[in-house]
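Below is one structure, written out as structure tokens; the observations come after it.
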Amino acid sequence: MTRSLATAPIMILNGPNLNLLGQRQPEIYGSDTLADVEALCAGVAAAHGGTVDLRQSNHEGELVDWIHEAREHHAGIVINPAAYSHTSVAILDALNTCDGMPVLEVHVSNIHQREAFRHHSYVSQRADGVIAGCGVQGYAFAVERVAALIAAAGA
């Protein structure tokens, strides 16, 4: 079920509290906002002939619904599940329905240098790659990787 970047956007999903990116704990997450992330990702996607569809929710069920939507209408998923990384089997199960679709997991901070409970991510079990500790630049890396995986699948 591979779609090209020319026909379908990359969905970029953000979990709880990321609506406060740039305001909440800037010593950990930096000063860039989610709008900055969207502009960064849009530029990277455009360089590959694509677009992005960035969304954020503090509600697990809404993220699951958007993953289901992505299965039908998007070329790939970049997801920063935030705290749901460590707790949500529901998000993992939803991502597992995305057969043949690239999924990249992003964390602004290095979760492996933080509290022990943050070291495990359910989402990582489905992700085709995990980028952590690169600040918001990690999103750009993830969009690049999704584009590369889509190109390789279409070759």
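Can you compute the charge dipole magnitude of the chain about its Cα centre, using +1 on each Lys and Arg Cβ and -1 on each Asp and Glu Cβ, nothing else charged? Give it in debye, rounded to the nearest 20.
Details: 8 positive and 16 negative charges, 48 e Å.
It works out to roughly 240 debye.
Candidate membrane-span-like segments in the chain, meaning DSSP H helices with Cα atoms spread over at least 24 Å of their own axis and a Kyte-Doolittle mean of 0.0 or above, are 137-154, with no membrane implied. Ranked from largest, the principal axis spans of the Cα set of the range 1-55 equal 38, 21, 13 Å.
Peptide packing: for 49-62, 95-108, 26-39, the average count of neighbouring Cβ atoms within 10 Å per residue gives the ranking 95-108, 49-62, 26-39, highest mean first.
Taking 7 Å steps out from each Cα toward its Cβ at residue 96 and residue 36 produces label points 3.7 nm apart. Helix content alone sets the calculated 222 nm mean residue ellipticity of the chain: runs of n ≥ 4 DSSP H residues at -39500 (n - 2.57) each, divided across all residues, give -11500 deg cm²/dmol.
Give me the percent of accessible area attributable to carbon and sulfur for the chain, probe 1.4 angstrom.
Roughly 51 percent of what the probe reaches on the chain is carbon or sulfur.
Per residue, the solvent-accessible area of the chain (1.4 Å probe, heavy atoms of protein chains only, all protein chains present) comes to 44 Å². One compactness figure for the chain is 0.95, namely its Cα radius of gyration divided by 2.2 N^0.38 Å.
Please grab the % of Cα pairs in the range 58-116 that end up more than 13 Å from each other.
On the way: 1050 of 1711 pairs.
Above the 13 Å cut-off, the range 58-116 has 61 percent of its Cα pairs.
Under the criterion of Cα pairs below 8 Å and six or more residues apart, the relative contact order for the chain equals 29 percent. Ordering 50, 35, 63 by the projection of their Cα atoms onto the charge dipole of the range 1-65, which places +1 on the Cβ of Lys and Arg and -1 on the Cβ of Asp and Glu, puts 50 at the extreme positive end.
The values are calculated or read from the model by the stated rules, or taken from the named source; none is laboratory data. The model shown is predicted, which means the values in this text are computed figures rather than measured ones. Positions of Cβ are generated from backbone atoms using ideal geometry, with glycine treated the same way; all protein chains shown enter the neighbour counts. Just so you know, the surface numbers come from the protein's heavy atoms only, side chains and all, with ligands and any DNA or RNA stripped out. Shrake-Rupley method; radii C 1.70, N 1.55, O 1.52, S 1.80 Å.
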